[in-house]
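A short write-up of the structure that comes next.
The values are calculated or read from the model by the stated rules, or taken from the named source; none is laboratory data. Predicted, not measured: the structure shown is a model, and the values here were computed from it. Here the Cβ is made from the backbone with ideal geometry for all residues, glycine too, and neighbour counts use every protein chain on show. Please note that ligands, DNA and RNA were not included when accessible areas were found on the heavy atoms of the full protein model with its side chains. Shrake-Rupley method; radii C 1.70, N 1.55, O 1.52, S 1.80 Å.
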Amino acid sequence: MVEWTDFERDTIQDIFSKINYEDVGPAALSRCLVVYPWTQRYFGNFGNLYNAAAIISNPLVAKHGTTILHGLDRAMNNMDNIKEIYAELSVLHSEKLHVDPDNFKLLADCLTIVLAARMGTDFSGEVQAAFQKFMAVVVSSLGRQYH
């Protein structure tokens, strides 16, 4: 079980209360697909992903990016039970979608970069540490089925 400080809990709640899901989610997923092009193989039904401009303007990428970010609400609202909350999602990504679990970390890193850019100086070292701890637990939980 992960131990969360009051600061970490408050920080995660604060981050999610301030972000625009329809901006940050698509930006993070788009960044992941551009920077790590091998991740595109899981999105073959999304149409044109041939270059950065196509990815960034793709409405299916934007929709899924928003869905992913809203999926993080479940973890934020259940910080003491993230592994159990994501158990079914872990099975889905492992057994049905066959997603490489390393991709969860890549997306988490892209999300951190996008948040840092959007939040500016509010994304201090302490805030980043709390967010990255949160995302590490999410990534571990999503990869749980693979172990």
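Once both labels are positioned 7 Å from their Cα atoms along Cα-to-Cβ, the gap between Glu126 and Glu22 label points is 3.4 nm. Taking every Cα-Cα distance in region 26-79 and sorting them into 10 Å bins from zero, the calculated P(r) comes out as 26, 50, 18, 5 percent.
Rounded to a whole number, what is D in µm²/s for region 12-141 from Stokes-Einstein with the Kirkwood radius over alpha-carbon pairs (37 °C, 0.692 mPa s)? Display every interim value, and only then the final one.
Working: Rh = 15.1 Å.
D = 217 µm²/s.
Per-atom-type breakdown for the chain gives carbon and sulfur 55% of the accessible area (1.4 Å probe, protein chains only).
Can you tell me the accessible area per residue over region 1-84, all protein chains present, probe 1.4 angstrom, in square angstrom?
On the way: 4790 Å² over 84 residues.
It amounts to 57 Å² per residue over region 1-84.
For region 1-58, the Kirkwood estimate of hydrodynamic radius, built from reciprocal distances between every pair of different alpha carbons, is 13.6 Å. Derived scalar couplings between HN and Hα for region 78-83 equal 9, 4, 8, 9, 5, 4 Hz in order, rounded to whole Hz, by the Karplus curve 6.51 cos²θ - 1.76 cosθ + 1.60 (θ = phi - 60°), x for Gly and Pro. Only DSSP H runs of four or more residues enter the estimate; each adds -39500 (n - 2.57), and after division by the residues of the chain the mean residue ellipticity at 222 nm equals -20500 deg cm²/dmol.
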